[in-house]
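Notes for the one structure printed next.
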Amino acid sequence: MQKHIYILATGGTIAGVGEAGATEGYASGVLPVEALLSGLPRLPRMAEVTGEQYASLNSDDITQAIWLDMARRLDSLALSDRYDGFVITHGTDTLEESAYFFHLALRTDKPVVITGAMRPATATSADGPLNLYQAVALAASEEARGHGVLVVFNEGIYSARDVRKGNTFRTHAITGGDMGSLGLMRDERPVFYHASLKRHTARTCFDLSGVESLPTVAIAYFHVDAQPDILTQLARTHDGLVVAGAGDGIVSLRWEARMRQLCAQGVPIVRATRVPDGAVFRNAGMSDDDMGTIAADTLSPEKARVLLMLALGRTRNPAEIQQMFLQY
Ligand code: ASP
């Protein structure tokens, strides 16, 4: 029997419209989901599809309120026997943050696949149609079950935990960095080679029922001559901080002293790095034991922020939060 895939369209370049043939100078999030689907000739024989225009946004305007609402909607749709899998179309700018949020927050084993495009729908060689087609194919596949939220882009399959945007305009913009891809797509056929060992979706400990808003977390970006006062100011207006340090998550002596002071006052601080690949392992580069900080492991500052927001809904204890950073 044909699988039934539910699509939540949120906008982005995949629904972008501009001058015919041009790749830049377009408006994001213009075309409705029906228009995106009508350009996929092989779709009807692959899956039954229901499309919902959830939003028409540039993904830079996604908010945590949208995340919470979408997560509830997806979780309740996933309870229905009518739907076998889900696709979210999303702008690529913040796709990695939404993908990781849903990876941590959804409570289903059914496939959830996110995709987007680097070129608007009106460009020569627009990349959206193949990305969307393959996202539906992956969501309809048995192979995708149990991997958590997946991202399909440019014929690669990525775990939401590892994926990030690594190029500002080229079509191979989405990458898994050091963690690579989980598999490949050829037409509608997914082939998996790897699986993430980290916890997600059906095995998550994060429960959003009754949650109206998430704790606030700011990212402080370290650079030469960065003023430590920024840390204090951010700590006043947020529930937790992620520091994007240099190299191994390292900061100046002045930032280190301020971070130590804030941690002693009970501010949860995650130590991440502004370097795209590698990891900030606990007590490597700087002593987290000594400072009271939490090490981000391989999570980027943006992903560390997502996990810290969810973690702070459960605990403010740095040791417990560190465990979550090792598990998720
Ligand atoms: N600015 C767009 C967005 O994130 C870029 C894209 O979709 O590629 O919505």
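Results, tabulated for the structure shown:
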| quantity | calculated |
| --- | --- |
| Residues located in segment 268-293, provided they are part of a strand (DSSP E or B) and of a type in the set (S, T, N, Q) | Thr273 |
| The one condition in (1) out of contact with any strand residue (DSSP E or B) (no Cβ under 9 Å at 6 or more places or on another chain); (2) surrounded by 14 or more Cβ atoms within 10 Å (Cβ to Cβ); (3) free of Cβ contacts under 8 Å to residues at least 60 places away in the same chain that Thr63 fails to fulfil | (2) |
| Matching residues, segment 34-66, being away from the ligand (no atom under 15 Å from the Cβ) and touching a Leu at 6+ places or on another chain (Cβ under 8 Å) | Leu37, Leu40, Leu43, Val49, Gly51, Glu52, Gln64 |
| Considering residues of segment 153-186 that are in contact (Cβ under 8 Å) with a residue 60 or more places away in the chain and more than 19 Å from Ser98 (Cα to Cα) only, the residue nearest to the chain's Cα centre (by Cα) | Asp178 |
| Residue count for segment 18-33, restricted to those that are touching a residue at least 60 places away in the same chain (Cβ under 8 Å), under 15 Å from Met118 (Cβ atoms) and within 13 Å of the ligand (Cβ to nearest atom) | 6 |
| Some residue of segment 206-220 being in contact with a Pro (Cβ under 9 Å, 6 or more places away or on another chain) and of a type in the set (Ser, Thr, Tyr) | no |
| Counted residues, segment 252-267 - those being closer than 18 Å to Gln233 by Cβ, part of a helix (DSSP H, G or I) and of a type outside the set (Phe, Trp, Tyr) | 10 |
| Residue tally, condition among the hydroxyl-bearing types (Ser, Thr, Tyr) and within 12 Å of the ligand (Cβ to nearest atom), over segment 77-98 | 4 |
| Residues being part of a strand (DSSP E or B), farther than 19 Å from Gly166 by Cβ and not hydrophobic (A, V, I, L, M, F, W, C) - total across segment 108-133 | 0 |
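Read the figures in this text as sums done on the coordinates, not as results from a lab. Predicted model only: the values in this text are computed from it and were never measured. So basically every Cβ, Gly included, is an ideal-geometry build from the backbone, and we count neighbours across all protein chains shown.
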